[in-house]
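Here is the structure we will look at, set down as structure tokens.
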Amino acid sequence: MPVPIRRLALALTLCCALLAGSTGWAVGAQSTPQHSPTVAVAAATPKPTTPAERQHFAKTRFVANAALAAGATYEWIVKPYKQGKFKKGAPHRRRTFIKAALAGAFTYNRLKAAVRNAKGDPLLSKALAPLNKAINDLKALPSKLRHGDTSAVGDYNNVINKVKGAGSSAGAPVHNKVPTHSQLIHGSHGS
């Protein structure tokens, strides 16, 4: 594929300019005693975030964390339960319980992050305030799942539905986003 002449001319001009600049500096460096060139760089001044931007990002981050929690709960806790994979004698039952326990811990972690994010938006914070106890109660549920107690499935599903409802009422609708296996195992590094 032929290269347009303009591109070749531009590339040649840039190469010549770089070569001339480097040789000019090298010649000048030989005639002056041990002076190194200094470059002044203007530092970017950070702009403060406005309250409106903080609120927007709070909602966005809340939605992202709550969506991951909802997706993990549905994919690895509720769906296998509905399919009967927790029942005695089901194939790969132990692996299903282990994944459910990991998803439970992941869900708890992401919901705590979502609550922290919601504090940046007054309406969202107010909507989630009544759910703090229910979210904190999820902390004990992964061990219940690991030991085969399927009553935890309903608790997870109820809390997720309440969080989705609170988000919708505050203008931040949450839709399930299934985390990757890596995110499930290692947790999510955002908050």
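Send over a whole-number figure in Å² for the accessible area per residue of the range 94-191, probe 1.4 Å.
It amounts to 52 Å² per residue over the range 94-191.
Carbon-plus-sulfur fraction of the accessible area of the range 99-141, 1.4 Å probe, in percent?
Answer for the range 99-141 is 60 percent, counting heavy atoms of protein chains only.
Got a number for the accessible area of His92? Probe 1.4 Å, square angstrom, nearest 10.
Near enough 120 Å² of accessible area.
As a test of reading the structure, rank Lys59, Lys139 by solvent-accessible area (1.4 Å probe, protein chains only), most first.
Solvent-accessible surface, decreasing: Lys139, Lys59.
Please calculate the 1.4 Å probe accessible area of Lys82, with all protein chains present, and give it to the nearest 10 Å².
Accessible surface of Lys82 is approximately 150 Å².
Under a point spin-label approximation (7 Å from Cα along Cα-to-Cβ), what is the Lys79-Ala140 distance to one decimal in nm?
About 3.0 nm, to one decimal.
Using heavy-atom solvent-accessible surface (probe 1.4 Å) with all chains present, what is the largest-first order of Phe57, Phe62?
Phe57, Phe62
Report ³J(HN,Hα) in whole Hz for each residue of the range 64-77, in order, from the Karplus equation J = 6.51 cos²θ - 1.76 cosθ + 1.60 where θ = phi - 60°; Gly and Pro get x.
Using θ = phi - 60°, the values come out as 4, 5, 5, 5, 5, 5, 5, x, 5, 4, 5, 5, 10, 10 Hz.
Length gain on complete extension for the stretch Lys162 to Thr60, per 0.36 nm per residue less the alpha carbon to alpha carbon distance?
34.9 nm
For Ser168, tell me the accessible area in Å² from a 1.4 Å probe, rounded to the nearest 10.
Surface accessible to solvent at Ser168 totals approximately 70 Å².
With respect to the cross-link table entries Lys85/Lys139; Lys88/Lys144; Lys87/Lys133; Lys82/Lys133, which display a Cα-Cα separation exceeding 19 Å?
Where the Cα-Cα span goes over 19 Å, the pairs concerned are Lys85/Lys139; Lys87/Lys133; Lys82/Lys133.
Between Ser169 and Asn132, what length comes free when the chain is fully extended (0.36 nm per residue of separation minus the Cα-Cα distance, one decimal in nm)?
Additional length available on full extension: 11.7 nm.
The values are calculated or read from the model by the stated rules, or taken from the named source; none is laboratory data. These figures come from a predicted structure and were not determined experimentally. Quick reminder, even Gly has a Cβ in these numbers, built from the backbone with ideal geometry, and neighbours come from all protein chains shown. These area figures cover heavy atoms from the full protein model, side chains too; ligands, DNA and RNA do not enter into them. Shrake-Rupley method; radii C 1.70, N 1.55, O 1.52, S 1.80 Å.
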